[in-house]
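Visitor: My structure is below; once you've seen it, I'll send some questions.
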Amino acid sequence: MTKSGFQLESTYAELPGVFFSKLSPSPVSQPELLIFNEKLADVIGLDLSGMSGEERTKLLSGNFVPDGTAPLAQAYAGHQFGNFTMLGDGRALLLGEHLTPSGQRLDLQFKGSGRTPYSRGGDGRAALGPMLREYVISEAMHALGIPTTRSLAVVATGETVHRENELPGAILTRIAGSHLRVGTFEFASMHEDKAITQSLLDYLIERHFPEIKEKENQALALLEATVEQQADLITHWMRVGFIHGVMNTDNMALSGETIDYGPCAFMDAFAPDTVFSSIDHKGRYAYVNQPYIAQWNLARLAESLLPLIHEESQEAIAMAEDSLNGFEQVYKAKWLSMMGTKLGFAEVSEDDEKLITELLDWMDENSTDFTNTFRDLSKGDHPAGELYSTENFQAWHTRWQERLRDEVQDLESSLALMRSVNPAVIPRNHKVEETLQAGEEGDLKPFQELLKALEKPYEDGEHLKPYQPPPKPEEKVLQTFCGT
Ligand code: AMP
Ligand code: MG
């Protein structure tokens, strides 16, 4: 099998032993490779060409572990809906790290590969629907230009998982910059041993923030860098109307990637308080709350780093608070500039905020479709349709046109900018659910077609037509379940 050139490293296993448990995936009875992301394999230089179809299936189901590969489950903790819990990979295993031809180090992880020491009461397995969901949304996010973990393959296990219903089981192969989370630091700091947290910090800096190696106060520099990183990520989410749904600290990756696609969804009608998750009763993770939650999560990271920021805890707290308080301003500037691009402004000024807010208020009042409204505006002509002919909209449109005339760039460039940030298509929840249902019943064609439609989301095309309209009232998916 080594003839395939498939060789993984595991620098993670060099961390102190508390951070992981080595174990192999639990074999499955009848693996069937349902989807393999050839393009992704190509891009990252993962060469499985030396393997037969059967060998690939065995590899990606965990039934075969190549020599020299030592899979491990990662330990972490986390605040789930605000409450601290000990966690860890309860149904995932890190197979190892793959080095791309350009020298990037990527984690290869199985999700749904069996029980681990961190499974708590769980069965360590995953259902096909949620794994297909992660596959399609993560690939859509990537195509939208948003940092995200990627999906390499989905294997049906041939086994049943028992949830509220009996469901077909599956294993997803996930590719990620790493699986270091805010919760990994929370886990480290629980040991009350500076050396443990320091080793994790060194590892994170080496892997994702090499520029910080030069800094005198590395822990503080790291905190500042994550403020930038997470503000960037949330700004992307807000741009496309993405709602993560479970922004627990264990689901915030320090690679800066979107991770763990559970009850996530894209907003149809614009409403800032939109929530999809069936378990988020209080709207903690609503669309509009995402930046505040990111800051809250970073405060948990900061707490874990305090002993490394300064020996005097009061000093450390003051320094950390200073960085954290910067989040609001950093995010606000990024948000404003992003919203500016959605309206065709190469550079945004403070005055533009009013124009942006007025549009959003109008969209909110009229429940207009978030994606389609911005794409309609990107077309140049006055958008057609009843809503757009109202007095309120006309008045706003005139002010926007005036503002566009002040741009240094010509109108065509403004429109091109808009089309590059306002997608023509997103994975709408009702379409996703529809294709997952077909997939669970054995028909993957609708899923494949949806994937195809989401490949180039900023280019118009006839093939997008079925995926562009918002759901009809009877098509609306009211709640999305974690499906764990
Ligand atoms: P998630 O909601 O997927 O981020 O998972 C939260 C925690 O629950 C993580 O520690 C998971 O590993 C664990 N978990 C989720 N589903 C299962 C399962 N079926 N068996 C064991 N652990 C699980
Ligand atoms: Mg998680």
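Visitor: With a Cα-only, solvent-free Debye model of segment 9-71, what are the log10 I(q)/I(0) values at q = 0.23, 0.24 Å⁻¹?
Guide: -1.09, -1.12
Visitor: Then there is this: Can you sort GLU312, GLU224, GLU159 from fewest to most other Cβ atoms within 10 Å of each residue's own Cβ?
Guide: GLU312, GLU159, GLU224
Visitor: Can you give me the convex hull volume of the Cα atoms of the chain, divided per residue and expressed in Å³?
Guide: Normalising the Cα hull of the chain by residue number yields 156 Å³.
Visitor: If you don't mind, there's one more thing I want to ask. Of all alpha-carbon pairs in segment 242-305, indicate the percentage at a distance above 16 angstrom. List each step's numbers first, then the result.
Guide: On the way: 886 of 2016 pairs.
Here the long-distance tail beyond 16 Å is 44 percent of all Cα pairs in segment 242-305.
Visitor: Calculate for the chain the 222 nm mean residue ellipticity that helices alone would give, adding -39,500 (n - 2.57) per DSSP H run of length 4 or more and normalising by residue count, nearest 500 deg cm²/dmol.
Guide: It comes out at -13000 deg cm²/dmol, rounded to the nearest 500.
Visitor: What does the convex hull of the Cα atoms come to per residue for segment 410-484, in Å³? Walk me through the intermediate numbers first.
Guide: Numbers: hull volume 9.0 nm³, N = 75.
For segment 410-484, the hull spanned by Cα atoms encloses 121 Å³ per residue.
Visitor: Using only the Cα atoms of segment 346-453, build the gyration tensor, take square roots of its eigenvalues as a ≥ b ≥ c, and label the shape rounded, prolate or oblate: rounded if a/c is under 1.5, else prolate if a/b is larger than b/c, else oblate.
Guide: prolate
Visitor: How compact is segment 283-419 by the rule of thumb for globular proteins, expressed as Cα Rg over 2.2 N^0.38 Å?
Guide: Here the Cα radius of gyration is 1.39 times the empirical estimate.
Visitor: Related question: Mind checking which lysines have their Cα closer than 16 Å to the Cα of LYS39? Skip sequence neighbours fewer than 8 apart in that chain.
Guide: LYS452, LYS456
Visitor: If you build the convex hull over the alpha carbons only and average its shadow over all orientations, what do you get for segment 77-232? Give it in nm² to one decimal.
Guide: That works out to 11.2 nm².
Visitor: Å³ per residue of the Cα convex hull, for segment 105-182?
Guide: Per-residue hull volume (Cα only) is 115 Å³.
Visitor: Quick one, could you list the DSSP H helices from the chain stretching 20 Å or more along their long axis (Cα atoms) with average Kyte-Doolittle hydropathy of 0.0 or above? Before the final figure, lay out each step's value.
Guide: Numbers: long enough: 128-143 (23 Å, 0.31); 194-208 (21 Å, -0.18); 218-240 (33 Å, 0.27); 290-309 (28 Å, 0.43); 313-342 (43 Å, -0.34); 352-366 (21 Å, -0.81); 391-405 (21 Å, -1.89).
Span-like helices here: 128-143, 218-240, 290-309.
Visitor: Please give the peptides 314-322, 284-292, 177-185 ranked by average Cβ packing (other Cβ atoms within 10 Å per residue), highest first, as a rough proxy for protection.
Guide: The densest-packed peptide leads the list: 177-185, 284-292, 314-322.
Visitor: At q = 0.22 Å⁻¹, what log₁₀ I(q)/I(0) does segment 66-148 have when each alpha carbon counts as one equal point scatterer in the Debye sum?
Guide: Taking Cα atoms of segment 66-148 as identical point scatterers yields -1.22.
Visitor: Can you give me the orientation-averaged projected area of the convex hull built on the Cα atoms of segment 155-285, in nm²?
Guide: Projected area, direction-averaged: 11.0 nm².
Visitor: Take the alpha carbon gyration tensor of segment 8-176, find the square roots of its eigenvalues, order them as a ≥ b ≥ c, and report rounded if a/c is under 1.5; if not, report prolate when a/b exceeds b/c, else oblate.
Guide: Rounded, since a/c falls under 1.5.
FYI, it's all coordinate maths here, none of it is from the lab. These figures come from a predicted structure and were not determined experimentally. Using ideal geometry, Cβ is built from the backbone for each residue, glycine included, and neighbour counts are taken over all protein chains shown.
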